[in-house]
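Below: the structure, in structure tokens.
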Amino acid sequence: MVFLYDAFNWLNNFIWSYILIILLVGLGVYFSFKTGFVQFRMLGEMFRLLGEGAMKNESSNEKHGSSGISSFQAFCISTASRVGTGNMAGVAIAIVIGGPGAVFWMWVMALIGSSSSFVESTLAQIYKVKEGDHFRGGPAYYMEKALGKRWMGVVFSILISITFGLIFNSVQANTVSFAFEKAFNINRMYLGIAISIATAIIIFGGVKRIARAVEYIVPVMAVAYVAVALFVLIKNFTMIPSVIESIVSNALGFKQAVGGGLGVVIMQGVKRGLFSNEAGMGSAPNAAATANVTHPVKQGLIQTLGVFTDTILICSATAFIILMSGVDLQGESNGIQLTQEALVSQVGPWGSIFIAICIFLFAFSSIIGNYYYGETNIEFLNGNKIWLNIYRCFVVFMVMYGCLAKVQIVWDMADLFMGFMAIMNLVVIAILYKVAIAALRDYITQKKKGLNPQFKTSAVPGLKNAECWDE
């Protein structure tokens, strides 16, 4: 058993220390140049589209009639999955292991990786399929339709269904159970039963019920958490320069490089950054494909904004709360309990309760969003509803298991499976990115003419199997 555990850790570290860092950074930089740094120059357009999507209902789209869900709901599904325990517990773990510099590398990964998010989400929209009154798609679908490699889509579907629906949901439930145990002294088993029942009620209702749930949960939880973080920033206004200096110097410092710790700092930042914002991993495209829009680039831009929301806004809020609190980073507390202690030191005893409530909303919405990623890939594997219902039962079981499991085992499994997923998806979008670039050029051309962009397959020479966009 010891040998197997050591081999598991070696494989995990090898994937994250070499393969994924090279792919994530390399492709992120490459896509940034190829898209003309779309993540920066079209930031205003992203906010405009998100606001437009929030104001419209799902039946207002002329391209596909009343099919699908709104672009805002699709954004909320992906944000629900992104904004979870990684934003609180994950950031705390990264700081404990890698120091304040890990936060810097989380920022870098968000700024660079957001271009990868644009490419994968745009591809998901182009190659989505229609089933009943809604759309579905994602990496498995563009692997099959664009590359003609169904076997590759099958492998990816299995990985993401296990990673998100089962392992990641165990991580979310695990963190909630510890937070509530500390704040309210609630037995973790009882909490597990309650979360499992609530999860079952939502996921057995299908994508429309999931979309409606996260549409209400996500905005409320994000605004409340950022508001408290802003209070902490204002309260400790004079500390802001020193905290930023600590983050940057620890990330790039000579001391860390000589001591051999720079690699740990970078790896923790990259790992937790990807775990949190999921850029390039191939998860968010599953949500992006559900949106009912007139042009694939619209949802590609909206999903890109989700990366900034997750890392630059939510993760940074957690990092500043912890670094301004003066809590012992080498103490016994880790993960969510460290974040609770940090906020308590700033706002008083109610801080622990507030974090527990926030992490419940963050984690529960993530469980719902993660489940949907599994659902759409189970449907790719086999459209039989019996298999989907069996999968739903396993999801509920893993939520219960997560409330009782040892946290480190769950996190390590999540890291490994996420690594395999990301490698597959990054290789594929490196092959297909020109399709997304051509769609972006078409979108910009139509915008310059003062039009509301409408996508046609002729805009991408040689485009095939884009069945939802047939002219």
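The values are calculated or read from the model by the stated rules, or taken from the named source; none is laboratory data. Because the structure is a prediction, the values reported are computed rather than measured. Note that each Cβ is placed from the backbone with ideal geometry, even for glycine, and that neighbours are counted across all protein chains shown. With ligands, DNA and RNA removed, areas are computed over all heavy atoms of the protein, side chains included. Shrake-Rupley method; radii C 1.70, N 1.55, O 1.52, S 1.80 Å.
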Task: Gyration tensor (alpha-carbon) shape descriptor, the stretch 343-471, a/c threshold 1.5 - done: prolate
Open item on the list: Could you report the stretch 118-194's accessible area per residue, 1.4 Å probe, as an integer in Å²?
Closed with: 32 Å²
Task: Length gained when the stretch K434-V248 is fully extended (0.36 nm per residue, less Cα-Cα span) - done: 63.5 nm
Open item on the list: Could you compute the net charge surrounding T122? Neighbours are other residues with a C-beta less than 13 Å from the C-beta of T122; K and R count +1, D and E count -1.
Closed with: +3
Task: Integer Hz, Karplus 6.51/-1.76/1.60 couplings in order for the stretch 135-146, x for Gly and Pro - done: 9, 8, x, x, x, 4, 6, 6, 5, 6, 7, 8
Task: Simple label model, 7 Å out from Cα along Cβ direction - A200 to R441, nm - done: 5.4 nm
Task: Pairwise FRET efficiency - L147 versus K449, Cβ, R0 = 25 Å, nearest 0.05 - done: 0.15
Open item on the list: Applying a 10 Å radius around every beta-carbon, put 231-238, 427-434 in order of their mean neighbour count, most first.
Closed with: 427-434, 231-238
Task: Residue list for the stretch 116-158, given a label point 7 angstrom along the Cα-to-Cβ vector of K464 and an amide N cut-off under 14 Å - done: 144-150
Task: Amide hydrogen neighbours beyond the local backbone of F135, cut-off 5 Å, H modeled - done: G68, I69
Open item on the list: If I model a spin label at V155 and M239 as a point 7 Å from the Cα along the Cα→Cβ vector, what separation in nanometres do I get?
Closed with: 4.8 nm
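Evaluate E = 1/(1 + (r/R0)^6) for L381 and L313, where r is the Cβ-Cβ distance and R0 equals 60 Å; express this FRET efficiency to the nearest 0.05.
That pair, L381 with L313, gives E of 0.95.
Expressed as a whole percentage, what fraction of the accessible surface of the stretch 73-209 belongs to carbon and sulfur atoms when a 1.4 Å probe is rolled over the protein heavy atoms? Walk me through the numbers before you get to the answer.
Working: 2420 of 3610 Å².
Carbon with sulfur: 67 percent of the solvent-accessible area.
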Task: Net charge of neighbours whose Cβ lies under 15 Å from the Cβ of Y391, counting Lys and Arg as +1 and Asp and Glu as -1 - done: +1
